[in-house]
Amino acid sequence: MDNNVFEVLDKVDVSTKSEKKGRFTYLSWAWAVRELLRVSPSATWKVHEWGIEGNRQPYMKTEAGCFVKVSVTVDNITREQVHPVLDNRNQPIKTPDAFQVNTSIQRCLAKAIALHGLGLYIFAGEDLPEVNLSDKDKDDILELAMTVGKDERDRVQKALDSGNLNKSNYSKALSSLKGLLKNKENIDE
């Protein structure tokens, strides 16, 4: 490939494909794979397994918790990522179920792809580019929330104040409010 893959992927704005959950930002693994393959169609990845033949599993169990490992190879450069198996509060899980292992594998894959440039700034603790909403967007969503009700307006204001409502999830929040308003109008009829 003529261009440096890292430089190409590092320039991709992932803010509309990332989601804030609590104080953490997540990048959709499926979108990350699609963007990686658009830039480097020959890229591959491997989910590592542990154990003895005939009884291998895609996670390693330790005293500290369970871990998954994914390697992503792009243009003959392999980068590996290890990720703990976490619950929905981001606490380590000692005995994970299949869904929890799979979720951690997908998060690990997105992080391993980030090591090749795509959305790396998310995992570096840097802010998303232009995550703050414009004053007009804030006013619009607060006005819509108020038409749903004062409690909803207070909830949206709190989300804006905490930074949990930003450009990366604005459209989703707007759509959700429109759905609540439609339900309210149907009930009022």
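Just one of the listed residues (GLY54, GLY65) is surrounded by 14 or more Cβ atoms within 10 Å (Cβ to Cβ) and farther than 20 Å from GLY119 by Cα, namely GLY65.
Within the stretch 32-53, one or more residues are of a type in the set (Ser, Thr, Tyr), under 30 Å from LYS167 (Cβ atoms) and either in contact (Cβ under 8 Å) with a residue 60 or more places away in the chain or in the same structural domain as GLY117 (by TED's automatic domain parsing) (or both). For the stretch 45-90, a residue qualifies if it is polar (S, T, N, Q) and outside any loop (DSSP other than H, G, I, E, B), and the qualifying residues are GLN57, THR62, SER71, THR73, THR78, GLN81.
List pairs: first residue in the stretch 64-91 and touching a residue at least 60 places away in the same chain (Cβ under 8 Å), second residue assigned to a strand (DSSP E or B) and not β-branched (Val, Ile, Thr) anywhere in the structure, Cβ distance under 8 angstrom, at least six positions apart or on different chains. If the second residue must be assigned to a strand (DSSP E or B) and not β-branched (Val, Ile, Thr), the pairs left are ASN90/PHE24.
Rundown of residues vs (1) among the hydroxyl-bearing types (Ser, Thr, Tyr); (2) over 30 Å from VAL5 (Cβ atoms); (3) out of contact with any Gly (no Cβ under 6 Å at 6 or more places or on another chain), yes/no style:
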residue	(1), (2), (3)
GLN57	no, yes, no
ARG89	no, yes, yes
ASN102	no, no, yes
ILE113	no, no, yes
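Quick check, is LEU27 at pLDDT 90 or above, surrounded by 13 or more Cβ atoms within 10 Å (Cβ to Cβ) and within 15 Å of GLY117 (Cα to Cα)? No. Selection within the stretch 73-104: residues that are surrounded by 21 or more Cβ atoms within 10 Å (Cβ to Cβ) and among the aliphatic types (A, V, I, L, M). The member of this set that is farthest from the chain's Cα centre (by Cα) is VAL74.
The values are calculated or read from the model by the stated rules, or taken from the named source; none is laboratory data. Just so it is clear, the structure is predicted and the values come from calculations on it, not from any experiment. Please note: Cβ atoms are built from the backbone with ideal geometry, for glycine as well, and neighbour counts cover all protein chains shown.
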